[in-house]
Structure formats: C-alpha cells, structure tokens
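Before any comments, here is the structure.
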Amino acid sequence: MKKVLLSTTAIVAAGLLVTSVAYAADEEMMAEPVSIGIGGYTTGAMGFASDGDDGMRSHSIDYVFEVGFSGSTTLDNGITVGVSGQIGRSAGGDEAMDEIHTTLSGSFGSLRLGRTESAAFNATVAAPGAAIGGMIGVNYDWFSTAGGSVNTYSGIGDEDAMKVVYTTPNFNGLTVGMSYAPNNSEENFNDRSTAGLGEHTAVGATYSTDFMDGGSVTLGAGYEMASGSGDPSAVRAGINIGVDQISFGGGMYDHDMNGMMFDVGASWTQGALQLGLQFANNEVGAGDASKAAANLTYTLGPGVLIGGSIASITPAMGADVTQFMLGTAVFF
C-alpha cells in the first residue's frame, strides 16, 4: 500500500514540475500573490452532571476556540495553490497550531502537504442531530463527562501528524483519497526516531448523490494502518440519508487492538430550529460506555447559534450520569 501511494505521489509531483517548468518563462504566471482570509468559530457552554461524586462539582463551564488563516491563487497553468493554518484552544485548555498545510489542486485532483487529517479521517460520516454546529452531542469529549466520551472521528495516533494526502477529482459524486505520514507522532525532520508509532498509511472514499426531490445520500469508508506498537489498523464506515427536513444515519470506527465505537442519530429541521436524537456506544478501554442525547439548536442569525442537550450516560465504570448542557456557538 505504501509503495503504491508513494508511486502515485511521485507521478503527480513530476507532472506538476513539468507543468511549472513549461510556464516558468511567463513573467506573469501568477496574476496576484496569495491573499489571506480569516475565519473560525467559538463554542462555549455550561453544563450540569449528576456524577454522584463528592470530589466533583455538579457544574462547570468550558469553551472551544479556533481561528483559521487561509488563501489561494490560481496560476496561468490552471493549478490552484492554497495555504491554510489554524490556531485553537480545545476544551480542557490546550492551545496549539493545527492543520498547517499547502494544497495544489487542478484537473488531477488535489495534493496536500503538511499537518492535516488522513484520507481515512476525511471519509468519516457520523450521526446527524448534534447541537450548535455539531459541538454538543454524542461525539467528542469536549462537552461531555469523561465517562461518556464516544468519538467515531478517532484515528490511530496523531491525526494531525505531518503527511502528504492525495485526493482524486470528483467522479459523479465519488472521491478517493490516499495519505502517508513517515512518522505518526513526530513533526521535526531532525528527529526521525523509529520509536513508538511509525509510518501511517490510509485510504478513504466518499460518495454523495441526490435522489427524488429533496433527497440525498452520503456514504464514507476508510482504512488506516501504522507500523510499530503492534502494527495497529482500523476501519471506519458511515451513511447519512436526508429527505426534506429529516436526516438520519450513523457511523462506526473499529480499531483492531482497542475495540469498536458507533453512533446513530436523526435530526428534524424547521426554519431556524433543529431537533436531534442520538445514541453512541464505545467498547474501547475498560468496557462499554454509552450515551443517549436529545439536542436542540436555534439559529439566531447568520453564524450565531444557541442550543442545549440533555443526555443519559452509562460509563464503563461507575454510576450512570445525567448531563445537561446549554451553550452558544459563533462562526465567523
């Protein structure tokens, strides 16, 4: 798999080099330099949980903030060059650069180099119906008690490790991606240690199509593997179906060494209001953990959302937890 991916990357790179040389004599090859735009989001919420633990408060406040810088320009040879970088604060307080990469795209598809998700991660299709832009629901542990952490967006090792990703053009709704990371955890060229997880290879595919009036279906599937620490591998798959104001579906992620997790959900949208029901189960770690949630989102205006969630969580260890969240999200 790795040799096939490297060969494909080399062919694309060679084609880009030949094309660039052919146009190098043109002094006006780039009409304008890349202009950078800024966008991002912030999500904050207050939560209450019936942990029944004297060592834990019954309530807390947390937030996620991310700002991104991106821009692109199209050369006279038709190739679009894009750059992107993100700085964020995740729930829990971690602050770091995230997903820093350069992308070359054209009729050949796209070639991305830098800190970016794998081809398998990009093929993730998960349960619809989460609250305020997807931040509150059964996935992620950002706004959830630790015992109820379920995440079908999981990956092997550092999902944002330095890598190269190639994605084919869209063929009647179908796209296929391949990615390769020389080291799944290190990001420094000078430190090429073979300790821990090493080379990471992934493939992924998504397919989307419309049917009847107002209907759509999206499917995604991916496979990834890494060398070292037992040579782990994982598969994922998911489907979403939408008919008018109703969407339903779910996804699964199965790690050959840790176990499987899955989510299912449905949502109903009427104007600015969205209601969602979700359920997820996590077999990873000490045992099964599950979470069922009812979520609500109301759009106050363009990019401004408020909403909440009430959830019942059965952790792998300990007593069941009832959790209530109320928050807001702003996209800019």
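The values are calculated or read from the model by the stated rules, or taken from the named source; none is laboratory data. Just so we're clear, the structure is a prediction, and the values are computed from it rather than from any experiment. We place every Cβ from the backbone using ideal geometry, glycine too, and count neighbours over all the protein chains shown. Each accessible area value is taken on the protein alone, full model and side chains, heavy atoms only, with ligands, DNA and RNA left out. Shrake-Rupley method; radii C 1.70, N 1.55, O 1.52, S 1.80 Å.
Listing for the model above:
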| item | result |
| --- | --- |
| Any pair with Cβ under 9 angstrom, 6 or more apart, that starts in the range 209-222 at a residue that is under 14 Å from I246 (Cβ atoms) and ends at one that is part of a strand (DSSP E or B) and of a type in the set (S, T, Y) | S216/S208; S216/T209; S216/S247; V217/Y207; V217/S208; V217/T209 |
| Selection from the range 242-253 of residues that are of a type in the set (A, V, I, L, M) and within 21 Å of N281 (Cβ to Cβ) | M252 |
| Every residue from the range 207-224 that is open to solvent by 40 Å² or more (accessible area, probe 1.4 Å) and farther than 27 Å from A272 by Cβ | Y207, T209, L219, A221, Y223 |
| Test: residue in the range 166-177 that is at pLDDT below 85 and either closer than 30 Å to P315 by Cα or open to solvent by 70 Å² or more (accessible area, probe 1.4 Å) (or both) | no |
| Selection from the range 159-174 of residues that are within 17 Å of the chain's Cα centre (by Cα), outside any loop (DSSP other than H, G, I, E, B) and without any contact (Cβ under 8 Å) to a residue 60 or more places away in the chain | M162, K163, V165, T167 |
| Pairs where the first residue, in the range 44-64, is within 19 Å of P315 (Cα to Cα) and the second is at pLDDT 85 or above and among the aromatic types (F, W, Y), C-beta under 8 Å, 6+ apart | G47/F324; F48/F324; A49/F324; S58/F48; H59/F48 |
